[in-house]
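Written out below as structure tokens is the structure these notes cover.
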Amino acid sequence: MILNNKPAFWFLLSIPAILLVFGWWQGRIDSMDMLHPTGEWSARLMILAMVLSPLLSILGPKGWLNWLVVRRRAIGVAAFSYAVLHLLFYLIDMGNLDDILAEWLAPGIWTGWAAFALMLPLALTSNDASMRRLRAAWKRLQRLVYPAALLTLLHWIWVHNSYAGALAHFVPLGLLLLARFIKKPLSQMKPQGV
């Protein structure tokens with residue numbers, strides 16, 4: 001299968017970005033109009049990376065799920081890459097530091113900056129060398145994805161002044177996480193074999 005090839009998988013993850021940047025480069029898409037789709041792709045990929053463990057816990061090993069779990073770090077780094085594009089087009093759209101600082105403390109803005117700040121160490125350490133160097137601390141560091149996801153949800157809600165799109169994306173993640181944590185205590189309560 002061609003998608004087992006790392007460059008092919010990375011290409012698949014980058015297709016939306018390539019199409020968006022190409023449209024912007026040709027002048028068909030304004031910088032401001034790049035903000036929503038790049039942010040949405042970042043959130044979608046973050047959610048995809050996050051749902052894999054709960055799905056594995058609930059469904060057990062499945063071929064397609066194991067295939068995605070093996071590629072989870074790439075999906076997470078792609079989520080960060082779309083966040084970088086989102087930030088880049090925000091900076092281009094704002095145009096100057098005064099305008100950026102003027103809205104810095106707005107709830108929809110600081111939550112985006114905070115989510116990005118939490119995603120940065122995750123992306124920088126999503127490699128085998130960091131896993132070896134950090135050992136158990138690597139897994140603890142990767143848990144920053146949970147507050148980053150919450151901040152991303154708040155950023156989305158406050159920027160768009162609407163719950164619909166954000167909740168449509170994040171509610172499935174919340175339900176899967178909840179189901180995983182409910183299932184774990186229930187499985188511990190089951191009577192053991194004699």
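No value in this document is a laboratory result; all are computed from the given coordinates. Everything numeric here is computed off the predicted structure, so don't read it as measured data.
Once the Cα gyration tensor of region 1-132 is found, what semi-axes does its equivalent ellipsoid get, as square roots of 5 times the eigenvalues, in whole Å, sorted largest first?
After scaling each eigenvalue by five and taking roots: 30, 19, 13 Å.
Over the chain, with a Gaussian network built from C-alpha contacts below 10 Å, which listed residue (A168, A148, A74) shows the highest mean-square fluctuation?
In this elastic network of the chain, the residue with the biggest mean-square fluctuation among A168, A148, A74 is A168.
Can you tell me which of S126, S162, S14 moves the most in a GNM of the chain? Springs connect C-alpha atoms under 10 Å apart.
Looking only at S126, S162, S14, the biggest GNM fluctuation is shown by S162.
If you build a Gaussian network model of the chain, linking Cα atoms that sit under 10 Å apart, which residue out of W25, W138, W64 swings the most?
Per the Cα network of the chain with a 10 Å cutoff, W64 tops the list.
Taking 0.36 nm per residue of separation and subtracting the Cα-Cα distance, what length does fully extending L167 through W113 add?
Here the segment from L167 to W113 would lengthen by 17.4 nm.
Shape call for region 24-89 from the C-alpha gyration tensor, a ≥ b ≥ c root eigenvalues: rounded (a/c under 1.5), prolate (a/b greater than b/c) or oblate? Walk me through the numbers on the way to the answer.
Details: a/c = 3.38, a/b = 3.19, b/c = 1.06.
Cα axes put region 24-89 in the prolate bin.
Is the shape of region 95-169 rounded, prolate or oblate, going by the alpha carbon gyration tensor and its root eigenvalues a ≥ b ≥ c, with a/c under 1.5 for rounded and a/b larger than b/c for prolate?
oblate
Report ³J(HN,Hα) in whole Hz for each residue of region 51-62, in order, from the Karplus equation J = 6.51 cos²θ - 1.76 cosθ + 1.60 where θ = phi - 60°; Gly and Pro get x.
7, 5, 5, x, 4, 5, 5, 7, 8, x, x, 9
Report the dimensions of region 47-194 along its three principal axes from the alpha-carbon atoms, largest first, rounded to Å.
Reported extents, whole Å, longest axis first: 70, 38, 26.
Could you bin all the Cα-Cα distances of region 103-145 into 5 Å bins starting at 0 and give me the percent of pairs in each, rounded to whole numbers?
Reading the bins upward from 0: 5, 22, 25, 16, 11, 10, 6, 4, 0.
Counting alpha carbon pairs within less than 8 Å and at least 6 residues apart, what relative contact order, in whole percent, applies to region 1-115?
Here the relative contact order equals 29 percent.
Using the Karplus equation 6.51 cos²θ - 1.76 cosθ + 1.60 (θ = phi - 60°), what ³J(HN,Hα) coupling, rounded to whole Hz, does each residue of region 93-110 give in order, writing x for Gly and Pro?
Values, residue by residue: 5, 5, x, 8, 5, 4, 5, 5, 5, 5, 10, 3, 8, 5, x, x, 9, 5 Hz.
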